Amino acid sequence: MAVLVEAMSLIVRLDAINEEYVGGLEAFIAGIHSATVCMDGELLRVGFLSLAEADANIHRLEEGGLQYLENGAPRDMILVDQLRGPSAPCDWLEVGEMQIGPGQSVMAARLVDTKVGTLFTPEGWRYEHSHSKALGLGGR
């Protein structure tokens, strides 16, 4: 399984949300106010158009009990740029290009060792109207 990576994507471990975030997944979703959320059962993705917006949300999530970095390494979440990749080396996340149709590919993220190749996207997302199409082949 994998989640879409477009623009600036904050990728959060669902186990961390359920175990550490005050109010769990329901409170997390209620606080996001974004139509860019998608989940694959292991990861949750929220998209942002700017680094400033992503940073503000990271700070808010840390106040809710999640931790961004531990000893310089991503613990519960990581910011992934569609063009540049993960913001730091991350031993629990794989990011790469994924074919979704003839001549159509996107950047996607999944937990390390995940084998199922299903892509999860925000509700209503369509490749034809996506950042991925505008940038061409997942931005690569």
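A few points about this structure:
- Of R126, R13, R75, R45, the sequence from fewest to most neighbouring Cβ atoms within 10 angstrom is R126, R75, R13, R45.
- Simple spin-label estimate for E42 and E19 gives 1.5 nm between the two label positions (7 Å along the Cα-to-Cβ direction from each Cα).
- For A30 and Q67, a Förster radius of 25 Å and the Cβ-Cβ distance give a FRET efficiency of 0.75, rounded to the nearest 0.05.
- Each of F48, F28 was scored by other Cβ atoms within 10 Å of its Cβ. Arranged with the fewest first, they read F48, F28.
- Karplus-based coupling profile of region 81-95, in residue order and whole Hz: 8, 4, 8, 9, x, x, 6, 7, x, 9, 7, 10, 10, 10, 10, with θ = phi - 60° in 6.51 cos²θ - 1.76 cosθ + 1.60 and x standing for Gly or Pro.
- Across region 2-139, Cα-Cα distances exceeding 20 Å account for 41% of all pairs.
- Sum of -39500 (n - 2.57) over DSSP H runs of 4+, divided by residues of the chain (222 nm, nearest 500): -6500 deg cm²/dmol
- Segments 114-124, 59-69 sorted - mean Cβ within 10 Å per residue, highest first: 59-69, 114-124
- With contacts taken as Cα pairs under 8 Å at a separation of at least 6 residues, the chain carries a relative contact order of 33 percent.
- Positive dipole terminus of the chain, leading residue within W125, P74, G23 (C-beta point charges): W125
Bear in mind these aren't lab numbers, they're just calculated from the coordinates by the rules spelled out. Please read these numbers as outputs of a predicted model, since none were measured by experiment. Positions of Cβ are generated from backbone atoms using ideal geometry, with glycine treated the same way; all protein chains shown enter the neighbour counts.
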